[in-house]
Amino acid sequence: MAPSTVFMEPDNLLTPKEKNKLRKPVVEKMRRDRINSSIEQLKLLLEKEFQRHQPNSKLEKADILEMTVSYLKQQSQLQMKTAGSFHKSSQFDFREGYSRCLQEAFHFLSLHKVRTETQTKLLSHFQKSQSAATEVAFSPGNPSTLKPASPKDASTLWRPW
């Protein structure tokens, strides 16, 4: 009978500690490759910004990361300013639209020479609303636009039913 060679798998001969010792450099290299790849992608994405700050210089990885953080902070501040001006603009638009609507309703009700009790109540209500609309306080940090009506105002509100 010929001698037979038994092939033992190397994994069976290694202890878990030895396996980890062999795997660790491979895993670490993969991690470093991912980091380097991501830094290279940042460099390509923000190439124009880097050229503006440091033209003709070789950027280190730390430089790329620092400049990326700085750029993202600037963009965040710009978005905050833009959102703030949009909020103020929408408040102004609301006030203007509400005032215009009251004027139109007031004008429409004033066209009729015969005044009914309902017309008189509506005109009175609109006049109060219009004067209150000019006094509405819009706080800059609070997105709510109108002050809630007090319970006593609710009882004087005219309702057609």
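Readers should treat all values here as calculations from the given coordinates under stated rules, not as data from a laboratory. Bear in mind the structure is a predicted one, so any value in this text is a computation, not a measurement. Neighbour counts run over all protein chains shown; Cβ positions are idealised from the backbone, glycine included.
Relative to the Cα centre, the charge distribution of segment 16-103, modelled as +1 at Lys and Arg Cβ and -1 at Asp and Glu Cβ, gives a dipole magnitude of about 580 debye. Relative to the current alpha-carbon distance between Gln51 and Gln77, full extension at 0.36 nm per residue lengthens the span by 7.2 nm. Checking the cross-link pairs Lys43/Lys73; Lys81/Lys128; Lys24/Lys61; Lys17/Lys61; Lys48/Lys73 against a 27 Å limit on the alpha carbon distance flags Lys81/Lys128; Lys17/Lys61 as lying beyond it. Comparing His53, Pro25, Gln41 along the charge dipole axis of segment 16-103, the residue lying farthest to the positive side is Pro25, per the Cβ-charge model.
In this simple spin-label model, placing a label point 7 Å from the Cα along the Cα-to-Cβ direction at both Glu60 and Glu40 gives a separation of 2.1 nm.
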